[in-house]
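Accompanying notes for the structure given below.
Readers should treat all values here as calculations from the given coordinates under stated rules, not as data from a laboratory. None of the values given here were measured: they were computed from a predicted structure. Backbone-built Cβ (ideal geometry, glycine too); neighbour counts: all protein chains shown.
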Ligand SMILES: Nc1ncnc2c1ncn2[C@@H]1O[C@H](COP(=O)(O)OP(=O)(O)O)[C@@H](O)[C@H]1O
Ligand SMILES: [Mg+2]
C-alpha cells in the first residue's frame, strides 16, 4: 500500500509546490512508483512539470465532479516512475463548484485508497488554506509534510496546521501523522533564518526533518523553464538536498509508517553543515 503524503501549510509562497514537484521527482529517480497530485486550483504543478493545457486529458476537477475516475485522469510523464494528476487552472465558476464538491470530505480518501496499491508514494500539493481541499487531503493522507519558510506569521501557520491535524485525527483519520517540518528555503549565513530555525527546533524537536533545502536560484530559474529544478539542474545544492530528502523519507518509511524522529538526533548537522 503506497504512502499518501499531503504537503500542506495554510500560507502561500512557502515552497509547497516546489517541495511537492521536486520530492515526487526525486522519489521517482530513486525508483519509487510515485503519483503527484495537484490539489491547488492555481494549478502550478502542471507548469512546473511542463504540462500544457492541451496535453491534459482529465484532472482532479473531473474526479470530484464524478465525470472521470481517478485511473482515467492519471497522466504519464517523461519519467518512468512518475505519474501525475493535474488540476487545471479553473475559472471563477468552476472554482466555486469545486469548493462545493470538496464538501464531500471522504471522496478523495476513497478514490485514493482504492488505487494506493499501485504506487509507493502519493504526494498531494495542497492549496494555501485549510478549508475544503486541504481538509480533504488530510482526511485522505497518511502523513503531512509541512514546508517552512522564514517569514512573518510562518510559525502561526505551523501551529494552525498542527491544531487542524488534531481535529482531523479526532474526527476522521486517527492515524494521520506528521511526516516532518521541512526548512524549504533556508538562507545560510542570515541571522533571521538561523533564529527561525533555532526556534522551530526548540518548539518541535521531534518533528523536524534532518534535510534542509537551501535557498537557491536554480529553483527560481526552473519555474521559468517549466521543468522541475532537479531535472534542469541536478547538481544545484537545492537539487542535491531534494534527493537527500527523498532518501530521508524512504529511510523513515522503511522503518515503519508511524516511526517518529525521536531516535534520530535532530541536531545531527552532517547534512545541514551547520552548528548549533
Ligand atoms: N529553495 C528555494 N530557493 C529559492 N526559491 C525557492 C525555494 N523554494 C521555493 N522557492 C520559490 O518560492 C516561491 C514560492 O514557492 P511555491 O513552491 O510556489 O510555494 P507555495 O506552493 O507554498 O505557494 C516560488 O517562486 C519558488 O520558486
Ligand atoms: Mg503552491
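What FRET efficiency would be calculated for the residue pair residue 237, residue 96, taking the C-beta separation as r and a Förster radius of 30 Å, to the nearest 0.05? List each step's numbers first, then the result.
Working: r = 42 Å, r/R0 = 1.39.
About 0.10, to the nearest 0.05.
By the gyration tensor of its Cα atoms, with a ≥ b ≥ c the square roots of the eigenvalues, what is the shape of the range 169-249: rounded for a/c under 1.5, prolate for a/b over b/c, or oblate?
Taking the square roots of the gyration eigenvalues as a ≥ b ≥ c, the range 169-249 is oblate.
Which residues in the range 149-167 have a backbone N closer than 20 Å to a point placed 7 Å from the Cα of residue 195 along the Cα-to-Cβ line?
Only 149-159 pass the distance filter.
Using the number of other C-beta atoms within 10 angstrom as an exposure proxy, rank 92, 242, 188, 204 with the fewest first. It would help to have the intermediate numbers written out before the result.
Values: 92 7, 242 30, 188 13, 204 20.
In increasing order of surrounding Cβ atoms, one gets 92, 188, 204, 242.
Apply the a/c threshold of 1.5 to the C-alpha gyration tensor of the range 14-147 and tell me whether it is rounded, prolate or oblate.
Judged from the Cα gyration tensor, the range 14-147 comes out rounded (a/c under 1.5).
I need 172, 25, 84 ordered by Cβ neighbour count within 10 Å, fewest first.
Arranged by neighbour count, lowest to highest, 172, 25, 84 become 172, 84, 25.
Kindly express, to the nearest 10 degrees and within the range 0 to 90, the angle between helix 92-101's C-alpha long axis and the longest C-alpha principal axis of the chain.
Relative to the chain, helix 92-101 is tipped by roughly 90 degrees.
Using only Cα atoms, locate the centre of the range 48-111 and the centre of the range 172-192, then give the distance between them in Å, rounded to an integer.
26
The range 1-28 to the range 123-159: how many Å between their Cα centroids?
Comparing the Cα centres of the range 1-28 and the range 123-159, I get a distance of 10 Å.
On a 0 to 90° scale, report how tilted helix 16-29 is relative to the longest principal axis of the chain, with both axes built from alpha carbons and the result rounded to the nearest 10.
So the inclination is approximately 90 degrees.
Based on the alpha-carbon gyration tensor of the range 103-234 and its eigenvalue square roots a ≥ b ≥ c, which shape applies: rounded if a/c is under 1.5, prolate if not and a/b is larger than b/c, or oblate? Spell out each step's value before the answer.
Working: a/c = 2.14, a/b = 1.33, b/c = 1.62.
In terms of gyration-tensor shape, oblate.
For the range 3-263, what are the per-bin percents of Cα-Cα distances with bins 10 Å wide, up to the bin holding the maximum?
Percent of pairs per bin, in order: 7, 33, 39, 19, 2, 0.
Each label point is 7 Å from the Cα along the Cα-to-Cβ direction; what then is the distance between the points at residue 217 and residue 110, in nm?
5.1
Relative to the longest principal Cα axis of the chain, at what angle does helix 191-203 sit, 0 to 90 degrees, rounded to 10?
80
May I ask you to derive the FRET efficiency for residue 54 and residue 1 from their Cβ-Cβ distance with R0 = 35 Å, giving the value to the nearest 0.05?
0.50
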